[in-house]
């Protein structure tokens, strides 16, 4: 009985998380478009913002990042490079 309940809770949580991710992605895209319309320039993150985002995104697979990201493709590639170089540095540490 508890196995069934656990499975239902996990399914519910996964669906809730998927819907929330989709909602937040749509909201982020809308806000980015508003900024772009107001300024006439694409919304870009600073290198410091990319570094902070890379720290939070460590452990995510590239496909996951691409799926949830609302970043400009160049910023996303910079983020992935930052994560990869941070992982390389940590594996080289004694």
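Miscellaneous remarks
- A single entry from 28, 32 fulfils the requirement of being part of a helix (DSSP H, G or I), closer than 26 Å to residue 81 by Cα, under 13 Å from the mean Cα position of the chain (by Cα) and outside the structural domain of residue 86 (by TED's automatic domain parsing): 28.
- Exactly one residue out of 71, 65 is within 18 Å of residue 25 (Cα to Cα), part of a helix (DSSP H, G or I) and outside the structural domain of residue 18 (by TED's automatic domain parsing): that is 65.
- Scope region 52-62; condition touching a residue at least 12 places away in the same chain (Cβ under 8 Å) and either more than 21 Å from residue 18 (Cα to Cα) or assigned to a helix (DSSP H, G or I) (or both); matching residues: 53, 54, 55, 57, 62
- A single entry from 45, 65 fulfils the requirement of being touching a residue at least 24 places away in the same chain (Cβ under 8 Å) and surrounded by 14 or more Cβ atoms within 10 Å (Cβ to Cβ): 45.
- Of everything listed in (1) at pLDDT 80 or above; (2) under 21 Å from residue 88 (Cα atoms); (3) exposed (fewer than 11 other Cβ atoms within 10 Å of the Cβ), the single unmet condition for residue 59 is (1).
The values are calculated or read from the model by the stated rules, or taken from the named source; none is laboratory data. Every value quoted in this text rests on a predicted model; they were computed, and no experiment measured them. Reconstructed Cβ throughout: ideal geometry from the backbone, glycine too, with neighbour counts over all protein chains shown.
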